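Let me begin by presenting the structure, written as structure tokens, before commenting on it.
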Amino acid sequence: MRILAVIGALAILVVIVAAIFFFGGFYSVAANEADPGILSWAIGKVRIASIERHANTAPPGNLEDQQMIQAGAKAFSQRGCVNCHGAPGVNWQKFSEGLNPDPPDLKEIAGERAPAQLFWVVKNGIRMTGMPRFGAIGADDKEVWSIVAFVKKLPTVSEADYKAWTAGP
């Protein structure tokens, strides 16, 4: 019984010290400072778990449809996705280097994420990352799914194709 009391007292002490550290302003929220490893790990795990739990919408059609992919490329360009994530032949905007965490290279994660997960992220955004929720700015589900189709195809899209798909009206 005495051991449980000591463990309980230590747990309370840890909570008090953590509260003083975080709420006392000792933890820096500056974007130019790296998060402690345990915090980066925990935030990453929470983000992935949340996306996996909430992403349950099935694609409305064939994400390999060329017209859908081309519409997604145009939406990707017009909605500003290219500013943070880049595109074939288009560099990321300089300001995106100041985001913490860095925006992911979508060519790298396109194969790692299910279409439903990409849809959920584009539609709902992700807190504290700079990723906006496109569902709140008028992007309907059809447009979001077209962006998902483009992102899934992104690793194989050539610079010439991207330019052709996003040129003019």
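Nearest 10 degrees is fine. How inclined is helix 115-124 to the longest principal axis of the chain, computing both from alpha carbons?
The answer is roughly 70 degrees.
Regarding the chain, what's the average projected area of the Cα-atom convex hull, expressed in nm²?
Average of the hull's projected areas for the chain equals 13.1 nm².
Which of the pairs LYS74/LYS107; LYS45/LYS74; LYS45/LYS142; LYS94/LYS142; LYS45/LYS123 have their Cα atoms more than 23 Å apart in this structure? Before the final figure, lay out the partial values.
Details: LYS74/LYS107 17 Å; LYS45/LYS74 32 Å; LYS45/LYS142 29 Å; LYS94/LYS142 30 Å; LYS45/LYS123 20 Å.
As for pairs spanning more than 23 Å Cα to Cα, those are LYS45/LYS74; LYS45/LYS142; LYS94/LYS142.
Quick one: with all protein chains in place, what share of the accessible area of the range 1-55 is carbon or sulfur, to the nearest percent (1.4 Å probe)?
74 percent
Report, in degrees rounded to the nearest 10, the 0 to 90 angle that the Cα long axis of helix 66-78 makes with the longest principal axis of the chain.
The helix 66-78 is inclined about 60 degrees to the chain.
Can you give the relative contact order of the chain as a percent, counting alpha carbon pairs under 8 Å and 6+ residues apart?
Details: 153 pairs, mean separation 46.8, N = 169.
About 28 percent, as a whole number.
For the range 1-75, what ratio Rg/Rh do Cα atoms give with a Kirkwood hydrodynamic radius?
Taking Rg over the Kirkwood Rh, I get 1.29.
Nearest 10 degrees is fine. How inclined is helix 2-23 to the longest principal axis of the chain, computing both from alpha carbons?
50 degrees
Based on alpha-carbon centroids, what's the gap between the range 12-66 and the range 137-156 in Å, whole number please?
Between the Cα centre of the range 12-66 and that of the range 137-156, the gap is 24 Å.
Send over a whole-number figure in Å² for the accessible area per residue of the chain, probe 1.4 Å.
That works out to 66 Å² per residue.
The values are calculated or read from the model by the stated rules, or taken from the named source; none is laboratory data. Here the structure is a predicted model, which is why all the values come from computation and not from measurement. Just the protein is used for accessible areas: all its heavy atoms, side chains included, with ligands, DNA and RNA removed. Shrake-Rupley method; radii C 1.70, N 1.55, O 1.52, S 1.80 Å.
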